[in-house]
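The values are calculated or read from the model by the stated rules, or taken from the named source; none is laboratory data. As the structure is a computational prediction, the values presented were derived from the model and not from experiment. All Cβ positions, even for glycine, are placed from backbone atoms using ideal geometry, and neighbour counts span all protein chains on display.
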Amino acid sequence: MRITTIAFLVFVSAFTLQSRRVDAQQAAKPSAAYFTIESYYKVKWGYADEFIRLWKTNHYPLLKKAQEAGDVISIKAESPRFHSGEETRWDFRVTVTFKNVEKAFDEDLVVPYKKQLFPDLDALAKSEQHRFELLLAHWDIETAELPLP
């Protein structure tokens, strides 16, 4: 084989490998269209466990249904291991990544699943009212992943 042919084959092989590497990296990254919101909850002292239990019972199943439908990409819940000062304290954080910004702000996103999961909607409303009575503060933060070198 001539040197130019070998050089050409090496170039094509390297290009193909690089293209596959870029494709794999892009597949591993979340879509730029995804929209992530972190929700923080500060609960009355002594009621964090009850609040979290109610959230897991009432709201999490609805988010799971939205995830099964493809409108929610991921759901992560966390609580702090240690406590902080009262002004910076939070008791529960939920990070939800939505398919897109429209789904993130769709007020009716989980409505179709309520009757399916909770036949007694009055009992659900009462339980949710109690969950929110336990709150001292709640805030949402839009987050975006920053690429690192």
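One table, with the values for the structure above:
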| item | result |
| --- | --- |
| Of all residues making up segment 105-135, the number that are loosely packed, with under 14 Cβ neighbours inside 10 Å and touching a strand residue (DSSP E or B) at 6+ places or on another chain (Cβ under 9 Å) | 2 |
| Single residue of segment 45-76 satisfying the filter (under 18 Å from residue 35 (Cβ atoms) and not in a helix (DSSP H, G or I)) that is farthest from the chain's Cα centre (by Cα) | 69 |
| Helices (runs of 4 or more DSSP H) enclosed by segment 87-149 - at least 3 residues per element that are of a type in the set (D, E, K, R) and under 26 Å from residue 42 (Cβ atoms) | 121-133 |
| Residue, farthest from residue 136 (Cα to Cα), within segment 83-121, restricted to residues that are of a type in the set (Val, Ile, Thr) and under 22 Å from the mean Cα position of the chain (by Cα) | 101 |
| Condition met for residue 90 (under 27 Å from residue 33 (Cα atoms), assigned by TED's automatic domain parsing to the domain that holds residue 45, out of contact with any helix residue (DSSP H, G or I) (no Cβ under 9 Å at 6 or more places or on another chain) and in contact (Cβ under 8 Å) with a residue 12 or more places away in the chain) | no |
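Rundown of residues vs (1) basic (Lys, Arg); (2) in contact with a strand residue (DSSP E or B) (Cβ under 8 Å, 6 or more places away or on another chain), yes/no style:
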{"site": "81", "(1), (2)": "yes, no"}
{"site": "84", "(1), (2)": "no, no"}
{"site": "92", "(1), (2)": "no, yes"}
{"site": "99", "(1), (2)": "yes, yes"}
{"site": "103", "(1), (2)": "yes, yes"}
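Matching residues to (1) surrounded by 13 or more Cβ atoms within 10 Å (Cβ to Cβ); (2) within 14 Å of residue 103 (Cα to Cα); (3) at pLDDT below 95; (4) of a type in the set (S, T, N, Q):
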site	(1), (2), (3), (4)
49	no, no, no, no
53	no, no, no, no
59	yes, no, no, no
65	yes, yes, no, no
68	no, yes, no, no
71	yes, yes, no, no
76	no, no, no, no
81	no, no, yes, no
84	no, no, yes, yes
